[in-house]
Each structure stands twice: as C-alpha cells, then as structure tokens.
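As structure tokens, the structure follows; a few thoughts come after it.
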C-alpha cells in the first residue's frame, strides 16, 4: 500500500504549493510596489518558490490569473448565484442577484480594484477579466429573460443596463471611500428598477 500513500502526500503537497502561490500573488497585487510588476517571476519571488514551480502549477500567467479569479469567487460567495436563479419570483431573483454581487465586490474589494486597474495596461489580465465579466453578463441575460414580462423597455437595453449597474465600478463608485459596496445594494436595486423601467409597486 505504499504507492497510494505517497500519491496522497504528493496531491496534498501540490495543493499547499498552489495555495501558497495564489496567496503570494494576492499579496503582490495589493502591495504598493508589486501592482505594476505583476509577473510570473515576481510571484515566484513573493512565494519563495522557483519560477518553474509556478509554471508547473498553472502553466502560464493566464492560468495563474484564472486561479486567482477562482479563489476570489470562492471567498466572495459567488457560488451562491444559483440561489438567485432558483427564486420563483423574478423580482426576488433580481434582488438576490444584486445582493450577492454587492457582497462579492465587498469581500475582495481591494484585490478586485487592483486587478481591474491592471487590466487597463496588461493584456493577459484584461483577457482574464473579460472572461469573468462575460460570465456575469450571461447571468444578466438569464435574469432579463425571467424579467421579460415585467419589462417595458427592450431586453437588449435591459441586459446592457443591468450589466453596467451590477459591475464593480458601479458599486465601488456609489460606496465611495467610507462605505462598503454591500451597503449600497438597496440603491443599486432602485437604479436597476428605474433603468429597466420595471413595473415595481
């Protein structure tokens, strides 16, 4: 039985190494000096591992970024989104959808802000960010389909408006430096209802 035992230890070791690198990448992103120098080499130095260890774990910078986004999503509770889509009432589903994103943007606000800033100057970060924004937009489309009978405007305009209003930039701007994005959920919900011209009592 020694072979399976050793394989189990190997998997555990890989898991710890992966977590260590992701943690180092997060620390680098939020440090004053590391933000503008987010490279595989910089992450390896921060994690105190060999450059090839990062490549062995993630294959590329894009693979590392995907893992960081997955980590952010898990920490921020984005996995609760199915709960919103399972609500029977479409307006309740919309409110839950907005609440989940308010909490998500709050949980990792500093890291997300740095990543979105970095996306403006780093094509790989931009690519990874576009994929994640695409997931949210797909969720928005499903939400708009459910809201269709409540809409007075066009579904296309509704998708555009809801995508913009549930973005990090909207929550971050409304919250400002003194509040958390989660605290502006009611305000965002009201803005969404106005923008989508929903027949809300």
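The values are calculated or read from the model by the stated rules, or taken from the named source; none is laboratory data. Bear in mind that the values here come from a model prediction, so they are computed numbers and not experimental data. Methodologically, a virtual Cβ is constructed for each residue, glycine included, from the backbone with ideal geometry; neighbour enumeration extends over all protein chains shown.
For region 172-201, what are the residues that are assigned to a loop (DSSP other than H, G, I, E, B) and touching a residue at least 60 places away in the same chain (Cβ under 8 Å)? Quick ask: steps written out before the conclusion?
Just the residues of region 172-201 that are assigned to a loop (DSSP other than H, G, I, E, B), to begin with: 176-180, 196-201.
Correct list: 180, 198, 200.
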Handout entry: Among residues of region 154-171, those that are exposed (fewer than 14 other Cβ atoms within 10 Å of the Cβ) and either in contact (Cβ under 8 Å) with a residue 12 or more places away in the chain or touching a helix residue (DSSP H, G or I) at 6+ places or on another chain (Cβ under 6 Å) (or both), counted
Key = 1
Problem - Neighbours by Cβ (under 7 Å, 6+ apart or cross-chain): first from region 78-98, not assigned by TED's automatic domain parsing to the domain that holds residue 188; second part of a helix (DSSP H, G or I) and surrounded by fewer than 19 Cβ atoms within 10 Å (Cβ to Cβ) - result: none
Practice task
Tell me, please, whether a residue that is more than 22 Å from residue 86 (Cα to Cα), part of a helix (DSSP H, G or I) and at pLDDT below 95 can be found in region 144-156.
Solution key: yes
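Would you mind stating whether residue 131 is surrounded by fewer than 17 Cβ atoms within 10 Å (Cβ to Cβ) and more than 12 Å from the chain's Cα centre (by Cα)? Break it down stepwise before answering.
Working: surrounded by fewer than 17 Cβ atoms within 10 Å (Cβ to Cβ): yes; more than 12 Å from the chain's Cα centre (by Cα): no.
Spelling it out, it is not the case that residue 131 is surrounded by fewer than 17 Cβ atoms within 10 Å (Cβ to Cβ) and more than 12 Å from the chain's Cα centre (by Cα).
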Problem - Complete set of residues in region 95-112 that are modelled with pLDDT under 95 and in a helix (DSSP H, G or I) - result: 107, 109, 110, 111, 112
Practice task
Could you grab me the full set of residues in region 54-82 that are surrounded by fewer than 17 Cβ atoms within 10 Å (Cβ to Cβ) and over 17 Å from the mean Cα position of the chain (by Cα)?
Solution key: 55, 56, 59, 60
